[in-house]
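The next block holds one structure in the form of C-alpha cells; read it before the comments.
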Amino acid sequence: MATRQVAYFSMEIAIANDVYTYSGGLGVLAGDSLRSGADLGLPMVGVTLVSRKGHFRQELTREGRQTEHPSPWDPSRRMQMVPEEVRVRIQGRDVRVRAWLHAIKSPNGGSVPVYLLDTDVEGNAPEDREITSYLYGGDDRYRLKQEAVLGIGGARMLEARGIEVRKYHMNEGHASLLALELLNRHGGSVEKVKSLCAFTTHTTVEAGHDRFPHCLVKEVLGDFVPDDLLKRLGGEDFLNLTLLAMNLSGYVNGVAKMHRDVSMQLFPNHEVHAITNGVHPYTWTCESFRRLYDRHFPGWAYEPELLVKVDEVPAEEVWDAHREAKTRLIDYVNRAKDADLEYDALTIGVARRVTEYKRTNLLFADLARLRKIGRNSPVQVVFAGKAHPQDFNGKRMIEEIYGHARALKDEIRIAYLENYDMDIASRLVAGADVWLNTPSPPKEASGTSGMKAAFNGVVNFSVLDGWWIEGWVEGVTGWAIGPHPREAVPPEERKEMEVNDLYDKLEYIIVPKYYYERDEWIRTMKNSMEKIPFFFNSHRMMRRYVVEAYF
Ligand SMILES: *Cc1c(COP(=O)(O)O)cnc(C)c1O
C-alpha cells in the first residue's frame, strides 16, 4: 500500500528564483518547508498555482517611482504536464484544470512532488484561461476564482492522481476552500474534516485576512456549500477564509510565539499553537560559508544543530568567508546601480516588501543624526523590496528612500536594488554586515530574512517582533531596537524609543565595534551563527509539524 501523504497547499511556492510562482516571504517559507520535506524524506506533496505571468517585475525610475511589468515564465521548459484533468465549477462553468509536475529533490535522495495547477487549457472560456496567470493579481473575484482552483481543484487533482492524503496542510487562508471540498466528500462532517486538516496563519492584521462578500461567493461558487453552513463556519457578514480554515482544522498554528498570542486575540475561540518558522539551511547559506561549514561540520546542511560548535572555528576563517560574500554583494550592487560602494565600509542590508507597517524608512527618522554617524565613519546601506501595485503608501516610501539617498550622498552611500527576489535575497543576507528590520510591532508575524542572515554570520539589529523576540540575546546575537512589545508604552513614545535606540546603538555600539574591536565583532558574528541557525531552520520546523500537526 502506498504511503499516505501530507498535502501542502499554498497560493505561492518559491521553487526556484526564475520560477515566478512566489512573491515574498510566504512563498519562500512554503518552498523551504518542501525543501526540508525532501531532505528529511517526508511523504509530502505540494500544491500551488502555475502563475504563468508571475507576480510582477519591479522597475524603478531614477526618482524611485515603481513600475510593474508581467514576469512570464514557461512551465513547459522546466516540467511535465500530467495527463489527468479535473473540473471545478466556477461562475456556472465547468473550468478544466490541468497540472504541471515538478520534483523538489534533495541531494540525499528524497523528493517532494509539487503540482502547479493550470487553467490555460483548450476548451476553457478565455476568462477562465486567465485564472492561473497572475499571482495576487486582479480583484476580489479573480482572487476567489484562484482560491477555488487551488483548494477545490487541487484536492481533486490529488484524488485523480490516486494520491492518498493523510493530512492537508493549508498554508495561509488562501487554500481554505479545500476544506469545503472535503466537507462535501465527507457528508458535511466537520469533525472528519478537522481530523484531516492543519492550518498555518501568517497574518497579524485584521485586513490581511482574505474576506469576501457572501453574494460574490454565491456568484463564483454557486451552491457548492449550503449558505447557512458557510456562514456558520466562515462568518455571517463576510466569508473570512482564516476563520473558515480555523473552524475546519484540527491543528492551527501561528508562525512565532508572539504571533500565536496575537492570533488568539483576533480569534478568541480558537486554540492556536506556535511552531516558529525556520529557513532552509543549504538554500540560504552562501558559497563561502557552505565551504567553511563543510570543512568543520560535515553534514551541517541536514543537521544545522552542528553549528553550536562554531566557536571552535578560527576567527580569520569566519572573517574571510564573510569578506568573500561581502565583496560579491558590493560588486553586484556597484555593477547594477553604479553605486560606488566600498568594500571596507560598514554595510547595512534592508530588504522586505515595502509597506507601511514594515517601516522600511525608519532609518531616516532623524536625518541630522544619520548624517553625523556617516560623517564620523563610513556607513553604507543597500535596500531592496517591492511594493504591492495597489499599495500607494509603499510606493511613496520607495520614492522617499530615493530622495534621502540623493540628499545624504556625501555622508552615507545608499543603493536600492530593483526587483527583490530569491537571488538578490541570497546576496544581501550574506553580504551585508548588519541586517536591519524595523517593523511596527506586533505586526511582523515572524519574518525570516534575519534567520537567513545569521546562517551567513550577518548580525541582526531589529525591532523586537516576530521571530527576533525568540532569537535575540542583547549584545550577544545582535541588538534590539526599542522596547519589548509587551511593555506598555504609548505608541508615540515607543516610536521615539525605537528611533533613539536605532541611532544610539548604531553610533555608540555597532560602528565602534565594527571598526575598532574587530575581534569582538567577529565574536558577535559567531554568536549569531551558533545560537540562531540551530533553532531557526526549516528542518526543526518540519519535524515539529510532523509530530504535532501531521501524525
Ligand atoms: C526571505 C525572503 C522574504 C521574507 O523576508 P522577511 O524577513 O520575512 O521580510 C521575502 N522575499 C524574498 C525574496 C525572500 O527571500
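The values are calculated or read from the model by the stated rules, or taken from the named source; none is laboratory data. Everything quoted here is computed from the prediction, not taken from an experiment. As a convention, Cβ positions derive from the backbone with ideal geometry for all residues, glycine included, and neighbour counts pool all protein chains shown.
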Would the stretch 56-78 turn up any residue that is under 20 Å from the mean Cα position of the chain (by Cα), closer than 16 Å to Glu130 by Cα and either hydrophobic (A, V, I, L, M, F, W, C) or buried (at least 22 other Cβ atoms within 10 Å of the Cβ) (or both)?
yes
Search result, residues across the stretch 221-240 that are surrounded by 17 or more Cβ atoms within 10 Å (Cβ to Cβ) and either out of contact with any Lys or Arg (no Cβ under 6 Å at 6 or more places or on another chain) or closer than 15 Å to Ala175 by Cα (or both):
Leu221, Phe224, Val225, Leu230, Leu233, Gly234, Gly235, Leu239, Asn240
Please verify whether Arg35 is surrounded by fewer than 24 Cβ atoms within 10 Å (Cβ to Cβ) and touching a residue at least 40 places away in the same chain (Cβ under 8 Å), treating the condition exactly as stated.
no
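Condition check ((1) out of contact with any helix residue (DSSP H, G or I) (no Cβ under 7 Å at 6 or more places or on another chain); (2) under 23 Å from Val318 (Cα atoms); (3) aliphatic (A, V, I, L, M)) across all residues:
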residue: Ile481; (1), (2), (3): no, no, yes
residue: Arg486; (1), (2), (3): yes, no, no
residue: Arg494; (1), (2), (3): yes, no, no
residue: Leu502; (1), (2), (3): no, no, yes
residue: Arg518; (1), (2), (3): yes, yes, no
residue: Arg523; (1), (2), (3): yes, yes, no
residue: Lys526; (1), (2), (3): no, yes, no
residue: Lys531; (1), (2), (3): yes, yes, no
For the stretch 322-329, indicate whether the set of residues that are within 16 Å of the ligand (Cβ to nearest atom) and either modelled with pLDDT of 95 or more or surrounded by fewer than 14 Cβ atoms within 10 Å (Cβ to Cβ) (or both) is non-empty.
yes
What pairs can you find where one residue is in the stretch 250-271 and in contact (Cβ under 8 Å) with a residue 40 or more places away in the chain, the other is among the basic types (Lys, Arg), and their Cβ atoms are less than 8 Å apart, with a gap of 6+ or different chains?
Gly250/Lys194; Asn253/Arg260; Gly254/Arg260
Of the listed residues (Ala480, Ala488), the one being crowded, with 17+ Cβ neighbours inside 10 Å and either closer than 20 Å to Leu346 by Cβ or modelled with pLDDT under 95 (or both) is Ala480
Which pairs do you get when a residue that is of a type in the set (Gly, Ala, Ser), found in the stretch 112-131, comes within reach of a residue that is modelled with pLDDT of 95 or more, reach meaning Cβ atoms under 7 angstrom, with the pair 6+ apart or on two chains?
Gly123/Arg96; Ala125/Arg93
May I ask you to list pairs of residues, at least six apart or on different chains, whose Cβ atoms are under 8 Å apart, with the first in the stretch 272-299 being of a type outside the set (A, V, I, L, M, F, W, C) and the second being in a strand (DSSP E or B)?
His273/Tyr251; His273/Val252; His273/Asn253; His273/Gly254; Gly278/Asn537; His280/Asn537; Pro281/Asn537
Just for the stretch 270-293: of the residues that are more than 16 Å from the ligand (Cβ to nearest atom) and closer than 18 Å to Ala453 by Cα, which one is surrounded by the most Cβ atoms within 10 Å (Cβ to Cβ)?
Tyr293
Here the qualifying pairs (Cβ atoms under 6 Å; residues six or more apart or on different chains; first in the stretch 515-540 and at positive phi; second charged (D, E, K, R)) come out as none
Against the definition (touching a His at 6+ places or on another chain (Cβ under 8 Å), more than 12 Å from the ligand (Cβ to nearest atom) and either farther than 28 Å from Asn253 by Cα or charged (D, E, K, R) (or both)), how does Gly394 come out, yes or no?
yes
